[in-house]
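In what follows, a single structure is set out as structure tokens and then discussed.
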Amino acid sequence: MSNHDKAITNTSASPYVKLKSINFGDCKWTSGFWSEKVETAQEKMLPYMGDLLCGDIGHGLNNFKIAAGEKEGEHKGFYWHDGDFFKFMEAKTYIYALSKDESILNELDEYIALIGRAQEEDGYIHTHVQITEGVDRFENRKYHEMYNFGHLFIAASVHNRLTGKNNFLDIAVKQADLLHAYFMPDTKHYQRFGFNQTQIMGLVELYRTVKDEKYLRLAEKFINRRGTYEIKHDSTTEGYPIGDMVQERTPLRESEEAVGHAVLALYYYAGAADVYAETGEKALIDALDKLWENVTDKKMYVTGAVGQAHYGASTSLDMIEEGFIDAYMMPNMTAYNETCANLCNAMFSHRMMGIKEESRYADIIELVLFNSGLSGISLEGKDYFYSNPLRMVNNTRNYDAHADVTESPVRQPYLECFCCPPNLVRTICKSSGWAYNLSENGVAVVLFGGNNLETTMIDGSSLKLSQDTDYPWKGIVKITVDECKDSAFDIKVRIPKWAVGSTLKVNGEDAGVDVNPGTFATITRTWKAGDTIVLDMPMEVTLLEGHDRIEEVRNQLAIKRGPIVYCMETPDLPENTGILDVYLQGNTSFEAVHKPDFLGGVTVVETEVLLRQGKTDDMYQRVTKPVFNSHKTQLVPYYSWSNRGQAEMTVFMPVVW
Ligand SMILES: [Zn+2]
């Protein structure tokens with residue numbers, strides 16, 4: 001039997017998961033893009049974030065100190081700040097697992113001891129509710145108790161798996177038992193508490209860690225409750241929109257459309273996928289299939305981002321915030337695209353890939369990682385975007401218009417609403433755990449990047465592979481079998497959907513298998529040490545247009561090369577040129593040029609654009625034949641924008657053929 005119970009999501013014993021997660025640490029990035037990102041995470045992102053969260057700028061640690069009675073003061077930060085701190089701890093745990101740096105373990109132990117002292121006798125731990133006078137437990141779902149608990153359960157499960165220690169897990173179990181006592185009975189007051197439902201994923205992960213089925217049943221209960229009550233405000237819902245905003249209008253099993261807050265929706269779907277992985281309930285996966293299709297084929301940006309609007313309405317006319325609106329309604333400049341939502345899109349897809357054993361889900365994981373996920377942090381690793389629009393034009397939005405400003409024209413060194421930064425950093429830290437999965441008699445190559453894999457297959461035999469590539473800048477990936485069993489097994493190589501015309505060779509000869517974009521190419525043979533697989537993906541600069549129904553991009557193009565989406569940014573234009581003046585020439589050349597010393601080392605796309613002259617500020621104006629000046633310039637990877645000062649930027653540009 002499989003011994004992969006040290007995975008990020010431990011699917012080793014999940015009966016309805018075909019592609020099992022590898023133990024975290026079995027794969028390590030060794031060179032190239034993700035190796036450098038993880039190094040930056042370890043050396044810059046996490047120390048900087050630690051200074052924020054453990055000092056007086058962020059309030060993560062202070063809140064626990066106050067709750068433990070070891071410091072005077074009020075709760076600061078948003079309701080979900082404990083959850084942010086747990087995500088930070090989870091990220092640290094991954095770096096510990098990769099580096100075995102004992103000082104990280106000791107630091108985590110100190111945090112855990114403090115959290116333990118802050119935890120109440122019966123298991124309750126939520127610093128805002130504990131510290132704030134006049135606020136009771138489970139009084140209003142907006143306090144995000146479920147969210148914080150969920151991140152506690154996940155972080156503690158990961159900590160237990162990767163350190164072998166029980167100190168954090170004990171705290172989580174105590175809290176989960178309390179949650180079970182409150183929420184398992186059918187009480188009216190508690191039926192609507194699913195708000196930002198990380199607890200569903202967390203409970204399933206806890207079930208996988210301690211093998212107590214009551215956590216799985218409770219996770220299922222949170223799904224089953226949705227849509228079983230009248231949608232009107234009561235004392236537990238005041239302060240936030242109700243209905244579709246929190247996916248409570250339609251029972252999940254009847255849902256066909258992604259609605260409401262994008263983070264709330266995708267954490268919920270990811271949790272439901274975790275429940276399906278254990279129960280195999282058909283109605284659940286049928287609904288998740290429809291929802292995944294709806295998200296990725298009707299409501300997703302070309303960058304993999306989701307959540308089109310800050311404020312809007314669902315098709316049932318429920319008010320929504322930070323979330324999904326109508327299909328194909330894809331504003332660029334006002335797109336919300338919270339970093340967390342984009343990352344959740346990858347988390348949901350990762351779970352679906354395991355369940356379905358299909359490569360198309362991994363295409364979404366990769367799209368998010370390289371584009372709308374990574375755009376959430378600066379190259380230096382110290383500044384954050386919460387919102388990730390596809391176009392930024394100066395002086396068109398009033399960024400101070402809302403009390404909780406989450407849209408900003410440049411990345412910020414601290415976000416009062418701090419959910420995204422630790423979510424992104426933990427994702428970078430754990431990315432090597434997503435690089436491979438294990439099939440029944442084989443291994444699936446999911447992500448490309450220089451790495452070593454040292455794992456055991458599901459039958460227990462030893463497997464060592466290494467990957468050598470300059471991906472995403474170059475399309476050649478060389479995989480070497482370093483050690484394997486004597487009998488035949490599968491190596492499944494993901495052929496990205498964009499990688500049309502790819503070839504696959506084994507030991508220099510055609511692999512003799514179907515190489516279809518958007519699928520795993522499965523090579524079954526008796527492998528031996530020294531065997532090589534070479535995947536060659538043509539890295540052509542590609543022009544993309546949107547579906548005809550996306551009004552916002554009619555007659556506009558985006559540029560993509562491999563998994564990387566490009567954008568035009570004003571530092572690459574003549575002074576005083578606005579981003580809206582730029583037109584692409586559809587029939588000119590687009591040349592990829594690698595610049596190792598630019599923006600941390602990127603491949604840019606050089607081309608000659610047209611700059612529109614003579615437009616006025618009138619809302620409507622008479623036009624004859626427009627006048628253009630031509631300008632030779634470059635496009636940069638979307639994730640790398642806003643690293644050269646405040647700038648205008650656009651992904652889509654009008655085209656002249
Ligand atoms: Zn967030």
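Looking across the range 322-346, the residues that are under 21 Å from LEU415 (Cα atoms) and within 13 Å of the ligand (Cβ to nearest atom) come down to GLU322, GLY323, TYR336, ASN337, GLU338, THR339, CYS340, ALA341, ASN342, LEU343, CYS344. Among the residues of the range 307-336, those that are under 23 Å from LEU374 (Cβ atoms) and without any contact (Cβ under 8 Å) to a residue 60 or more places away in the chain comprise GLY307, GLN308, ALA309, ALA335. Just one of (1) away from the ligand (no atom under 16 Å from the Cβ); (2) more than 23 Å from ALA155 (Cα to Cα); (3) modelled with pLDDT of 95 or more; (4) among the hydroxyl-bearing types (Ser, Thr, Tyr) fails for SER372. It is (1). Within the range 502-521, none of the residues are charged (D, E, K, R), within 27 Å of the chain's Cα centre (by Cα) and not in a loop (DSSP other than H, G, I, E, B).
Taking the stated definitions as given, is VAL38 of a type in the set (Val, Ile, Thr) and more than 23 Å from ILE8 (Cβ to Cβ)? No. One residue alone among SER439, SER432 is of a type in the set (Ser, Thr, Tyr), touching a residue at least 60 places away in the same chain (Cβ under 8 Å) and surrounded by 21 or more Cβ atoms within 10 Å (Cβ to Cβ), and that residue is SER432. Residues that are surrounded by fewer than 23 Cβ atoms within 10 Å (Cβ to Cβ), farther than 21 Å from VAL246 by Cβ and not hydrophobic (A, V, I, L, M, F, W, C) within the range 262-308 comprise GLU278, THR279, GLY280, GLU281, LYS282, ASP286, ASP289, GLU293, THR296, ASP297, listed in sequence order. Selection within the range 404-435: residues that are at pLDDT 90 or above and of a type in the set (A, V, I, L, M). The member of this set that is farthest from the ligand (Cβ to nearest atom) is ALA435.
Per-residue answers, yes or no, for (1) surrounded by fewer than 24 Cβ atoms within 10 Å (Cβ to Cβ); (2) under 25 Å from CYS417 (Cβ atoms):
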| position | (1), (2) |
| --- | --- |
| PHE85 | no, yes |
| MET89 | no, yes |
| ARG117 | yes, no |
| GLU120 | yes, no |
| TYR124 | yes, yes |
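Mind listing just one residue for me: the one in the range 369-392 that is in contact with a strand residue (DSSP E or B) (Cβ under 7 Å, 6 or more places away or on another chain) and part of a helix (DSSP H, G or I) and, of those, surrounded by the most Cβ atoms within 10 Å (Cβ to Cβ)? Checked the range 369-392; the qualifying residue surrounded by the most Cβ atoms within 10 Å (Cβ to Cβ) is GLY376.
Among the residues of this structure, ILE355 does not count as one that is within 22 Å of ILE242 (Cα to Cα), touching a residue at least 12 places away in the same chain (Cβ under 8 Å), more than 16 Å from the ligand (Cβ to nearest atom) and surrounded by fewer than 24 Cβ atoms within 10 Å (Cβ to Cβ).
Scan ALA181, ALA219 and give me the residue that is part of a helix (DSSP H, G or I), among the hydrophobic types (A, V, I, L, M, F, W, C) and free of Cβ contacts under 8 Å to residues at least 12 places away in the same chain.
Values: ALA219 fails: free of Cβ contacts under 8 Å to residues at least 12 places away in the same chain.
Residue meeting the stated conditions: ALA181.
Restricting attention to the range 12-51, the residues that are assigned to a helix (DSSP H, G or I) and touching a strand residue (DSSP E or B) at 6+ places or on another chain (Cβ under 6 Å) add up to 2.
The values are calculated or read from the model by the stated rules, or taken from the named source; none is laboratory data. Remember, predicted model here, so these are calculated numbers, not experimental data. Cβ atoms come from the backbone with ideal geometry, glycine included; neighbour counts cover every protein chain shown.
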